[in-house]
Structures are given as structure tokens and as C-alpha cells.
Amino acid sequence: MTCLELNTRQNEILDIVKGNGPITGEQIAERLKLARATIRPDLAILTMAGFLDARPRVGYFYSGKKPTQSVADGMVDMTAADFQSRPVVITENLSVYDAICQLFLEDVGTLFVVDQQSLLTGVLSRKDLLRTSIGRTELDKIPVHVIMTRMPNITYCKKQDTLISVAKKMMDSQVDSLPIVQEKKAGLEVIGRITKTNITAAFLSLAEDQDL
């Protein structure tokens, strides 16, 4: 969707209506020291775009909608680091049984698996653990490295990545969370996690800030 960027006079009109609405077109023009005909196109644009509401014989009201450009800018500025959560990390030799216990104790949907150097080697989801547990009784004897998704088939992000790019990665990979990593010489260190819940909270906070 193309963002509507308002010009200086249109923003001035919005400020006038915010502070004085309902207000007529003639009164707005008088405050700007312009002719009514001069601002008629601006009022039409603001009304059609949804920034203003107009009522006959009453005047213009501010609709409460914020300029699209400012909302888009807010989304672009949000990064994974701003809304990350603590990662839940397990070792490769942990049993599937213990991993299931850890999953429920931490109330998370994904576990990140690391090696002895604390570098990312795999990811375990609820689906992985459920699939493995069906029909098996000796889950305490199966190490998680047997069933985990391994590198390089792991989708991850970095703390400076925007939430929009992170959300796209999640949708493309059809996963509920991503590890946030930083590069080391020997591999990737897990420093956080970002989930669909984190992203939802971030966009809700943006909506509240923008009075949407």
C-alpha cells in the first residue's frame, strides 16, 4: 500500500481541526489567512484519506487517524532487540523426556539446542517432541540431537533485524519463534528469542502510541 505523505499546509489543517473541531472550512481558512477555495483541495484529500470527518452545517472533525507515513516509520524502526525474550536453551545430549519437561516448565513452544561451546546446533518444537513421543515409552533414552532440526535448516535472526523482516521469516518458514543470534568465529551464539507473541505485542504498542 502506498503511504500518503501530507504536505505542510495539510498538517497545519490537521492541527487546527484537532484543537478546535468541529470547525468550518471558512474558519480554517481564516486561521491560515487563506481563501476558502485555496484550501478546498486539501480538505478534500484529508477527508477522503480518513484523517477528517465532515458534517453539513457543523464542520470538520478530527477522525483520530494518524498519518500513514508515521505509522509505517514506526514499524520500520522496531527491531528484534527491542522486543526479544529470554531464550530457553538445552544441550544436545538432553533426553527427549527432559526436553518435554523443560518445555512445559518454561511454558514455551520452542527449545534451542547448543553444543559444548554454547553454539546453536538445533531447534526443537512442540511438534517435534509430540511426534517423537507418540507410541514410544523410553523417551528418557533418546537424546534430543536425534530428532532436532539441524543447521543449516534453522531460520534465525539478529538483534538489529526489523520486526517486519523477522515476521516475514516466520511466515516463510512457518514457525512460531526464531532464535536471536550473534556471530562467533566458531558458529552462532543464542542471545535471545523472538516469538509471534512478541511481534503482536510490538505492533499493539505501536497502535496504542499512534491512537489507532
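So which of Lys159/Lys196; Lys141/Lys196; Lys168/Lys196; Lys127/Lys185; Lys158/Lys185 end up more than 21 Å apart, counting from Cα to Cα?
Lys141/Lys196; Lys127/Lys185
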DSSP loop GluC sites (Glu not before Pro) with at most 14 other Cβ within 10 Å excluded, longest remaining stretch of the chain: 6-137
The chain: most fluctuating residue of Ser177, Ser133, Ser85 per GNM, C-alpha cutoff 10 Å: Ser133
Trypsin sites (Lys or Arg not before Pro) lying in DSSP loop within the stretch 86-140, provided at most 13 other Cβ fall within 10 Å: Arg136
At most 10 other Cβ within 10 Å, DSSP loop - trypsin sites (Lys or Arg not before Pro), the stretch 2-56: Lys33
Most mobile of Gly59, Gly109, Gly192 in a GNM of the chain (Cα contacts under 10 Å): Gly59
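Please state, rounded to one decimal and in Å, the Kirkwood hydrodynamic radius that the stretch 122-194 gives when every pair of distinct Cα atoms enters the mean of 1/r.
Roughly 13.8 Å, rounded to one decimal.
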Cα point-scatterer Debye curve for the stretch 155-207, base-10 log of I(q)/I(0) at q = 0.15, 0.20 Å⁻¹: -0.41, -0.68
Built amide H within the under 5 Å cut-off of Thr79, gap 5+: Leu163
Those trypsin sites (Lys or Arg not before Pro) in the stretch 157-210 that DSSP places in a loop and that have at most 10 other beta carbons within 10 Å: Lys185
Hz values of 3J(HN,Hα) by residue in the stretch 188-193 - Karplus curve (6.51, -1.76, 1.60), Gly and Pro given as x: 10, 9, 7, 10, x, 9
5 angstrom amide H check on Ser63, placed H, neighbours 5+ away: Leu52, Asp53
³J(HN,Hα), Karplus 6.51/-1.76/1.60, whole Hz, each residue of the stretch 154-161, x for Gly, Pro: 10, 8, 9, 9, 10, 5, 8, 5
Helix-derived mean residue ellipticity, 222 nm - over the chain, DSSP H n ≥ 4, -39500 (n - 2.57), to 500: -13000 deg cm²/dmol
Rg to Rh quotient for the chain, alpha carbon positions, Kirkwood Rh: 1.25
Cβ-Cβ FRET estimate between Ser85 and Arg136, R0 fixed at 30 Å, reported to 0.05: 0.50
Accessible area per residue, Å², the chain with all protein chains present, probe 1.4 Å: 59
Simple spin-label estimate for Glu30 and Asp98 in nanometres, 7 Å along Cα-Cβ: 8.0
Amide H contacts under 5 Å for Ile142, placed H, 5+ residues apart: Val96, Tyr97
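The values are calculated or read from the model by the stated rules, or taken from the named source; none is laboratory data. Nothing here was measured: the structure is a model prediction, and the numbers come from that model. For neighbour counting, all protein chains shown are included, and Cβ atoms are generated from backbone atoms with ideal geometry for every residue, glycine included. Protein only, heavy atoms only, side chains kept; ligands, DNA and RNA dropped before computing areas. Shrake-Rupley method; radii C 1.70, N 1.55, O 1.52, S 1.80 Å.
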